């Protein structure tokens, strides 16, 4: 009882200390067309720059050379958005474009203007241009990577620590969104994350040392750990609704690591 109370107090004290994992952007100061830029980014990083919210947009802008931001003429830089139909746009990884930052009057749907640049010295506003034109570009590097191999929780933890950094600790809504971005590629119905249950103190904890403050449990799963006499329970994210579930650690699942 005393030990459980101690960890409960510690949980309250530590809940404000978690930091978010950010997508990293890299401005590549080479002139290429959109297809060449896409190929380069996929070879060297994760993909041609993808922007899902205003925070991403701000981070992308910070990656661009200051000299370009101060230019007196429009400076175009490729990002990974491309027209998928007459009135629809999609990112290079085939995810939908829910966040937009178009310049007023754009996209003007001019033919064959099917690729997107950000105008870096105009607050990063977007413009649709011809894909065969040549500009510098921004690649992004996701801090999370889905490992499409089925392992037990302990094996997944070992793999991540030997090849990357760690199993992902989903300790904020921001990181939950990143997990959502990569989990659609999984071949299992759920994927392991770095969440573990301690029967000794009756609490869940993350492998990065953070306490479980942010939560996204499927109904009934947070407390589905009563049987502590058998196999230790660990946390996984469902591929469908992205809610957390409790599973025996021996179950074989894909998993998500934090990149180096």
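The values are calculated or read from the model by the stated rules, or taken from the named source; none is laboratory data. Keep in mind it's a predicted model, so treat the numbers as computed, not measured. All Cβ positions, even for glycine, are placed from backbone atoms using ideal geometry, and neighbour counts span all protein chains on display.
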Could you look through segment 76-106, keep only residues that are in contact with a strand residue (DSSP E or B) (Cβ under 6 Å, 6 or more places away or on another chain) and at pLDDT below 90, and pick out the one that is farthest from residue 36 (Cα to Cα)? 97
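When you scan segment 87-97, do you find a residue that is in contact (Cβ under 8 Å) with a residue 40 or more places away in the chain, closer than 30 Å to residue 253 by Cβ, surrounded by 18 or more Cβ atoms within 10 Å (Cβ to Cβ) and in contact with a helix residue (DSSP H, G or I) (Cβ under 9 Å, 6 or more places away or on another chain), even just one? Step through it out loud before you land on a result.
Filtering segment 87-97 down to residues in contact (Cβ under 8 Å) with a residue 40 or more places away in the chain leaves 91-93, 95.
Applying the additional criterion that residues be closer than 30 Å to residue 253 by Cβ yields 91-93, 95.
Remaining after also requiring surrounded by 18 or more Cβ atoms within 10 Å (Cβ to Cβ): 91-92.
Next, only the ones that are in contact with a helix residue (DSSP H, G or I) (Cβ under 9 Å, 6 or more places away or on another chain) stay: 92.
There is at least one residue in segment 87-97 that is in contact (Cβ under 8 Å) with a residue 40 or more places away in the chain, closer than 30 Å to residue 253 by Cβ, surrounded by 18 or more Cβ atoms within 10 Å (Cβ to Cβ) and in contact with a helix residue (DSSP H, G or I) (Cβ under 9 Å, 6 or more places away or on another chain).
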Picking from 181, 241, 189, the residue that is closer than 30 Å to residue 117 by Cβ, surrounded by fewer than 19 Cβ atoms within 10 Å (Cβ to Cβ) and outside the structural domain of residue 39 (by TED's automatic domain parsing) would be 181
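Report yes if residue 155 is surrounded by fewer than 20 Cβ atoms within 10 Å (Cβ to Cβ), modelled with pLDDT of 95 or more and touching a strand residue (DSSP E or B) at 6+ places or on another chain (Cβ under 6 Å), otherwise no. So that I can check it myself, show each step before the final result.
Values: surrounded by fewer than 20 Cβ atoms within 10 Å (Cβ to Cβ): yes; modelled with pLDDT of 95 or more: yes; touching a strand residue (DSSP E or B) at 6+ places or on another chain (Cβ under 6 Å): no.
In short, no.
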For residue 117, state whether it is within 18 Å of residue 129 (Cβ to Cβ) and out of contact with any strand residue (DSSP E or B) (no Cβ under 6 Å at 6 or more places or on another chain). no
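So, residue 223, is that one more than 28 Å from residue 46 (Cβ to Cβ) and in a strand (DSSP E or B) or not?
Details: more than 28 Å from residue 46 (Cβ to Cβ): yes; in a strand (DSSP E or B): no.
No; evaluated as a whole, the condition is false for this residue.
In the set 199, 213, which member is modelled with pLDDT under 85 and out of contact with any strand residue (DSSP E or B) (no Cβ under 6 Å at 6 or more places or on another chain)? Give the steps one after another, and end with the answer.
Numbers: 213 fails: modelled with pLDDT under 85.
None of the others qualify; the one that does is 199.
Could you count how many residues in segment 172-204 are in a loop (DSSP other than H, G, I, E, B), free of Cβ contacts under 8 Å to residues at least 40 places away in the same chain and under 15 Å from residue 216 (Cβ atoms)? Quick ask: steps written out before the conclusion?
If we filter segment 172-204 for residues that are in a loop (DSSP other than H, G, I, E, B), which is where we start, we get 172, 184-189, 199-202.
Still in the list and also free of Cβ contacts under 8 Å to residues at least 40 places away in the same chain: 185, 199.
From the residues that got through so far, the ones that are under 15 Å from residue 216 (Cβ atoms) too are none.
Residues flagged as in a loop (DSSP other than H, G, I, E, B), free of Cβ contacts under 8 Å to residues at least 40 places away in the same chain and under 15 Å from residue 216 (Cβ atoms) within segment 172-204 amount to 0.
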Look at residue 67 and say whether it is farther than 15 Å from residue 131 by Cα, in a loop (DSSP other than H, G, I, E, B) and either at pLDDT below 85 or touching a strand residue (DSSP E or B) at 6+ places or on another chain (Cβ under 9 Å) (or both). no
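A quick yes/no check of all residues on (1) under 17 Å from residue 41 (Cα atoms); (2) at pLDDT below 85; (3) touching a helix residue (DSSP H, G or I) at 6+ places or on another chain (Cβ under 8 Å); (4) assigned by TED's automatic domain parsing to the domain that holds residue 133:
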| residue | (1), (2), (3), (4) |
| --- | --- |
| 71 | no, yes, no, yes |
| 74 | no, no, no, yes |
| 111 | no, yes, no, yes |
| 114 | no, no, no, yes |
| 118 | yes, no, yes, yes |
Looking at 29, 58, which one is modelled with pLDDT of 60 or more, more than 18 Å from residue 95 (Cα to Cα) and in a helix (DSSP H, G or I)? 58
Counting only strands (runs of 3 or more DSSP E) wholly inside segment 70-171, the ones holding at least 2 residues that are closer than 30 Å to residue 256 by Cβ and under 23 Å from the mean Cα position of the chain (by Cα) are 76-85, 88-91, 115-119, 135-141, 144-151
